1. With respect to the numbered conditions (1) surrounded by fewer than 15 Cβ atoms within 10 Å (Cβ to Cβ); (2) over 25 Å from Leu135 (Cα atoms), which one is the sole condition not fulfilled by Gly30?
2. Residue by residue through the stretch 27-51, note down the ones that are over 16 Å from the mean Cα position of the chain (by Cα) and either hydrophobic (A, V, I, L, M, F, W, C) or outside any helix (DSSP H, G or I) (or both).
3. Of the residues Tyr85, Tyr4, only one is in contact (Cβ under 8 Å) with a residue 24 or more places away in the chain, assigned to a helix (DSSP H, G or I), closer than 30 Å to Arg134 by Cβ and aromatic (Phe, Trp, Tyr); which?
4. Scan the stretch 79-100 and tell me whether some residue there is touching a strand residue (DSSP E or B) at 6+ places or on another chain (Cβ under 8 Å) and either surrounded by 16 or more Cβ atoms within 10 Å (Cβ to Cβ) or more than 30 Å from Arg20 (Cβ to Cβ) (or both).
5. Residues being under 17 Å from Leu73 (Cα atoms) and more than 16 Å from the chain's Cα centre (by Cα): count how many of those fall in the stretch 121-136.
6. Could you list all residues from the stretch 112-143 that are surrounded by 15 or more Cβ atoms within 10 Å (Cβ to Cβ) and of a type in the set (S, T, N, Q)?
7. Check whether at least one residue in the stretch 69-76 is touching a Cys at 6+ places or on another chain (Cβ under 6 Å), over 23 Å from Ala127 (Cα atoms) and not hydroxyl-bearing (Ser, Thr, Tyr), and report yes or no.
8. Criterion first (modelled with pLDDT under 95, outside the structural domain of Leu124 (by TED's automatic domain parsing) and over 30 Å from Glu122 (Cβ atoms)) does Ala63 satisfy it?
Amino acid sequence: MLSYPAVVRRDGKGFTLVFRDFEFGGHTCGDSESDALHHAPDALKTVLSLYMEKGLDIPLPSAARGKTHIVALPSVVDDAKVTLYQAMRMSGIRKADLARRMGIHKQQVERLLDLDHTSRIEQLELAFRAIGKRLITDIRDAA
């Protein structure tokens, strides 16, 4: 899963969590460090959505250093959507190109890449197949 390091700092009476890999957007707040960490996956989803909406390259996660927390996206579907977006950008495939390859409307591709829209994993598998990729999931023991 796509995971990014985050730093939590005391900020006045509360705590601020910052994803240092993003130039803009990547932060959230909480009344306590654990509260800020609780909001972190949704904050990560929001900043990634912003980058995708603006058509920007998504930065790679940097190495964790110091007192950092590793934060992952809330769901495997969100992770697959971001990975699809990255694969399309790397291959130079536009939304219209993917729609044509899949035999669907461009608006359906836009929804497929929308992290706030519920998509079926089967649709994502078809999208990956249309760009010459395969979606693979992995299960591991919890840490």
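1. Answer for Gly30: the failing condition is (1).
2. Within the stretch 27-51, Cys29, Gly30, Asp31, Ser32, Ala36, Leu37 qualify.
3. Working: Tyr4 fails: assigned to a helix (DSSP H, G or I).
Going through Tyr85, Tyr4 in turn, the sole match is Tyr85.
4. Yes: the stretch 79-100 contains one or more residues that are touching a strand residue (DSSP E or B) at 6+ places or on another chain (Cβ under 8 Å) and either surrounded by 16 or more Cβ atoms within 10 Å (Cβ to Cβ) or more than 30 Å from Arg20 (Cβ to Cβ) (or both).
5. 1
6. If the condition is that a residue be surrounded by 15 or more Cβ atoms within 10 Å (Cβ to Cβ) and of a type in the set (S, T, N, Q), then Ser119, Gln123 are the ones that fit.
7. There is no residue in the stretch 69-76 that is touching a Cys at 6+ places or on another chain (Cβ under 6 Å), over 23 Å from Ala127 (Cα atoms) and not hydroxyl-bearing (Ser, Thr, Tyr).
8. Details: modelled with pLDDT under 95: yes; outside the structural domain of Leu124 (by TED's automatic domain parsing): yes; over 30 Å from Glu122 (Cβ atoms): yes.
The answer is yes for Ala63.
The values are calculated or read from the model by the stated rules, or taken from the named source; none is laboratory data. Nothing here was measured: the structure is a model prediction, and the numbers come from that model. With ideal geometry, Cβ positions are generated from the backbone for all residues, glycine too; neighbour counts draw on all protein chains shown.
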